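The values are calculated or read from the model by the stated rules, or taken from the named source; none is laboratory data. Everything quoted here is computed from the prediction, not taken from an experiment. Glycine also receives a Cβ, built like all others from the backbone with ideal geometry; neighbour counts cover every protein chain displayed.
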Ligand code: TXA
Ligand code: MG
């Protein structure tokens with residue numbers, strides 16, 4: 001299959017691009033599209049066959065459910081049940097936006113592989129003009145995980161999607177770089193108090209300001225994780241990645257140590273280290289692109305420097321720890 005990329009953030013025949021995307025989705029095929037967090041791999045959430053193509057293209061384990069995207073709160077309310085006043089308040093406060101709510105699904109709407117057989121569904125209204133226009137024209141719920149190969153960093157550019165999905169999907173809508181750069185916060189509204197299953201740009205404090213106390217899931221205690229995706233290693237570059245405290249002396253010593261062994265080293269940091277073989281920037285919106293750039297180098301080892309302030313930044317630290325599989329350089 002040939003993968004076509006069409007640019008939709010400039011004035012190039014946009015109407016035609018959307019019509020083409022809608023036709024492809026209605027025929028049960030996949031279209032990749034930008035959201036404000038990362039690119040998604042979309043399929044009609046009511047069509048089992050279409051959704052199974054997402055799992056195939058990503059190499060995603062079947063027990064990991066997908067997030068459903070809709071164009072508005074009103075549409076979402078047609079697909080879910082037992083919506084608490086806290087859930088409604090979250091929709092009003094954060095939608096469209098980077099917050100996925102886990103709610104009880106209305107039965108017999110979604111294909112069973114969307115929810116991986118669970119009675120709940122993760123649902124959100126994305127805050128991106130391309131995603132919203134596509135959803136409005138499609139008038140169907142769109143199941144869409146991040147558009148990367150399973151285990152790889154999520155795509156923040158159309159070219160990342162192309163790299164992972166070339167010849168596996170027919171169409172990528174290119175809306176430029178995604179603004180936030182990491183995936184949405186996932187909030188489980190079926191427990192009381194609600195639980196953050198995956199930290200993201202929408203912070204615990206912001207949510208608590210609207211609905212009061214929420215819990216953070218430590219994500220490692222139970223054998224049956226509430227958010228099935230969190231048990232898989234994620235976001236990993238090919239070369240081994242180690243976290244290191246952001247101390248100039250310490251990092252320079254580490255670089256020297258690695259290079260003395262005849263190996264090359266990439267550093268992902270807010271600061272540049274001219275002695276390193278490769279340097280890439282570190283921030284929420286650049287992390288995934290930096291991890292992918294490491295894959296394009298011949299670096300044998302990657303260091304990511306962790307600022308003390310970053311440890312308070314749940315979401316970025318969460319992604320870094322997963323990418324490094326919790327390894328620290330020593
Ligand atoms: O920002 C995002 O959320 C992006 C864009 C494309 O919207 N999507 C995304 O989807 O990150 P994905 O499939 O890569 O991550 C979905 C996460 C997984 O950790 C999954 O386990 C969890 O949401 N999830 C989905 N449905 C769930 C459910 N019913 N119960 C618990 N967790 C669920
Ligand atoms: Mg993902």
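Give the residue, chosen from 155, 107, that is more than 13 Å from ligand 1 (Cβ to nearest atom) and part of a loop (DSSP other than H, G, I, E, B).
107
Out of the residues in region 36-55 meeting the condition of being within 11 Å of ligand 2 (Cβ to nearest atom) and assigned to a strand (DSSP E or B), tell me which one is nearest to residue 160 (Cα to Cα).
39
Could you list all residues from region 273-316 that are assigned to a helix (DSSP H, G or I) and crowded, with 17+ Cβ neighbours inside 10 Å?
Once the filter is applied, which keeps residues that are assigned to a helix (DSSP H, G or I) and crowded, with 17+ Cβ neighbours inside 10 Å, region 273-316 yields 287, 288, 289, 290, 291, 292, 293, 294, 310, 314, 315, 316.
Quick one: count up the residues across region 115-124 that are buried (at least 23 other Cβ atoms within 10 Å of the Cβ) and either more than 8 Å from ligand 1 (Cβ to nearest atom) or within 15 Å of the chain's Cα centre (by Cα) (or both).
Residues that pass the stated criteria total 3.
Kindly check whether there is at least one residue in region 127-140 that is closer than 18 Å to residue 24 by Cα, in a helix (DSSP H, G or I), within 9 Å of ligand 1 (Cβ to nearest atom) and at pLDDT 95 or above.
yes
Would you check if there is a residue in region 245-264 being in contact with a helix residue (DSSP H, G or I) (Cβ under 9 Å, 6 or more places away or on another chain), farther than 25 Å from residue 35 by Cβ and crowded, with 21+ Cβ neighbours inside 10 Å?
No: region 245-264 contains no residue that is in contact with a helix residue (DSSP H, G or I) (Cβ under 9 Å, 6 or more places away or on another chain), farther than 25 Å from residue 35 by Cβ and crowded, with 21+ Cβ neighbours inside 10 Å.
Name the single residue, out of those in region 76-95 being buried (at least 18 other Cβ atoms within 10 Å of the Cβ) and without any contact (Cβ under 8 Å) to a residue 40 or more places away in the chain, that is farthest from ligand 1 (Cβ to nearest atom).
This residue is 91.
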